[in-house]
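Derivation of every value follows stated rules applied to the coordinates shown; laboratory data play no part. As the structure is a computational prediction, the values presented were derived from the model and not from experiment. Cβ coordinates were reconstructed from backbone atoms using ideal geometry, including for glycine residues, and neighbour counts include every protein chain displayed.
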Amino acid sequence: DAGVIQSPRHEVTEMGQEVTLRCKPISGHDYLFWYRQTMMRGLELLIYFNNNVPIDDSGMPEDRFSAKMPNASFSTLKIQPSEPRDSAVYFCASRSTGTSGDNEQFFGPGTRLTVL
Amino acid sequence: EDQVTQSPEALRLQEGESSSLNCSYTVSGLRGLFWYRQDPGKGPEFLFTLYSAGEEKEKERLKATLTKKESFLHITAPKPEDSATYLCAVQAGFQKLVFGTGTRLLVSP
């Protein structure tokens, strides 16, 4: 398996623009997570899905952020409008129920977002 | 509020110099404590999960232990390739992980 795939790997945009980050989870995984990592706050959970349904979005910072999972193999995180404080590395992770006693999440390589 | 604190923030070791990283946590109902390794420019890579006080797990030069208040990641005779940021996380809610800010480890030859 190719692992969790994220695109783009780097995104530079100007304040006010719409940004869409994409994620393809590992095939067969039923949970998908979106995280944001900054130097100040570390790795923070934004939202997670189970079987394509959003379960907990309490970490989404504000209404400018939205996430969708239209099918089991694709998810998007959208920021509209973007602001400089959104600059961070965004990670997608997935996991499967019950296949491992370790309950580990598998992370993608991340998207480094810079908002000018 | 669920919280994870890692110390030290950064650690520099000579090759072969053993040490320990600390992860202190407060959580209402621990469902698991996780250790991940993160290399620069990459996503976190899973190392261990611990579920109950007294549990220990080992992998090569790494050994993770758990008490009711903290976890330690012991690194025995480290090599330069062990240089990375080590992240600790607790599973608080059903699937929710709360991460610490990590310990940056540099092992010099």
In nm, the gap between the two label points placed 7 Å beyond Cα toward Cβ at B:E45 and A:D30 is 2.9 nm
quick note, chain A, DSSP beta bridge pairs, % antiparallel (nearest 5) is 90 percent
Here the whole-number average of other chain Cβ atoms within 10 Å per Cβ of A:40-47 is 4
Computed Rg/Rh for chain A (Cα atoms; Rh = Kirkwood radius) stands at 0.96
Here the percent of antiparallel bridges among DSSP beta bridges lying wholly in the protein assembly as shown, to the nearest 5, is 90 percent
Rounded to the nearest 0.05, FRET efficiency between A:S73 and B:Q14 (Cβ-Cβ, R0 45 Å) equals 0.45
On the formula 1/(1 + (r/R0)^6), with r taken between the Cβ atoms of B:F72 and A:R85 and R0 of 25 Å, the FRET efficiency rounded to 0.05 is 0.10
Listed residues B:K63, B:K79, B:K96; largest mean-square fluctuation, Gaussian network over chain B with Cα springs below 10 Å, found at B:K96
Going through A:K24/A:K68; A:K24/B:K63; B:K59/B:K96; B:K42/B:K68; A:K68/B:K42 one by one, the pairs whose alpha carbons sit over 21 Å apart turn out to be A:K24/B:K63; B:K59/B:K96; B:K42/B:K68; A:K68/B:K42
